[in-house]
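The values are calculated or read from the model by the stated rules, or taken from the named source; none is laboratory data. Given the structure is predicted, the values throughout are model-derived calculations rather than measurements. With ideal geometry, Cβ positions are generated from the backbone for all residues, glycine too; neighbour counts draw on all protein chains shown. Please note that ligands, DNA and RNA were not included when accessible areas were found on the heavy atoms of the full protein model with its side chains. Shrake-Rupley method; radii C 1.70, N 1.55, O 1.52, S 1.80 Å.
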Amino acid sequence: DMQFYYLSVTHTDRGRVGLLGHYRVEAQTMDLEWCFSRDGIAWERPKRQAWLRRGAPGEPDSYAIYAPNSLVHRDGKWWLFYTGANHAHNHKQTHGEPASRVMAACCDSIWA
């Protein structure tokens, strides 16, 4: 039921940090998970759960979170500008009028 859909990579001095998109076929949802690599070949998924939780039904990111190409490091924080969608991946279900929005999240550290 789960498919890995994309891997966005941010290069850092400590290695690579990945934003792994995983798609639940039956539920038609897209989630985002952290992963890490020292060399870009071998990757670790230490938490194996969504890093950024989708919103509740009716919120702009209730069905899907799509990551950008990389994170942005600015003023000591790591920023994620992502696309949130309130509709199923196949567009057959929605929480309200179908829409996608650019949204933002930030954290102090990207290392789990």
| Tally, over the stretch 61-71, of residues that are out of contact with any Phe, Trp or Tyr (no Cβ under 8 Å at 6 or more places or on another chain) and outside any loop (DSSP other than H, G, I, E, B) | 1
| Can you tell me which residue in the stretch 89-103 is most open to solvent (accessible area, probe 1.4 Å), limited to those that are of a type in the set (A, V, I, L, M) and under 24 Å from PHE4 (Cβ atoms)? | VAL102
| Out of ASN69, ASN86, which single residue is open to solvent by less than 30 Å² (accessible area, probe 1.4 Å) and polar (S, T, N, Q)? | ASN86
| request: Could you run through the stretch 1-60 and say how many residues are open to solvent by less than 70 Å² (accessible area, probe 1.4 Å), under 21 Å from LYS77 (Cβ atoms) and assigned to a strand (DSSP E or B)? | output: 15
| task | Please state which of the following conditions LYS77 fails to meet, knowing it meets all the rest: (1) modelled with pLDDT of 95 or more; (2) under 16 Å from the mean Cα position of the chain (by Cα). | result | (2)
| said: With the requirement that a residue be open to solvent by less than 60 Å² (accessible area, probe 1.4 Å) and assigned to a strand (DSSP E or B), what does the stretch 72-83 give you? | reply: TRP78, LEU80, TYR82, THR83
| query | When you look at ARG53, is it closer than 24 Å to ARG101 by Cα and under 11 Å from the mean Cα position of the chain (by Cα), yes or no? | reply | yes
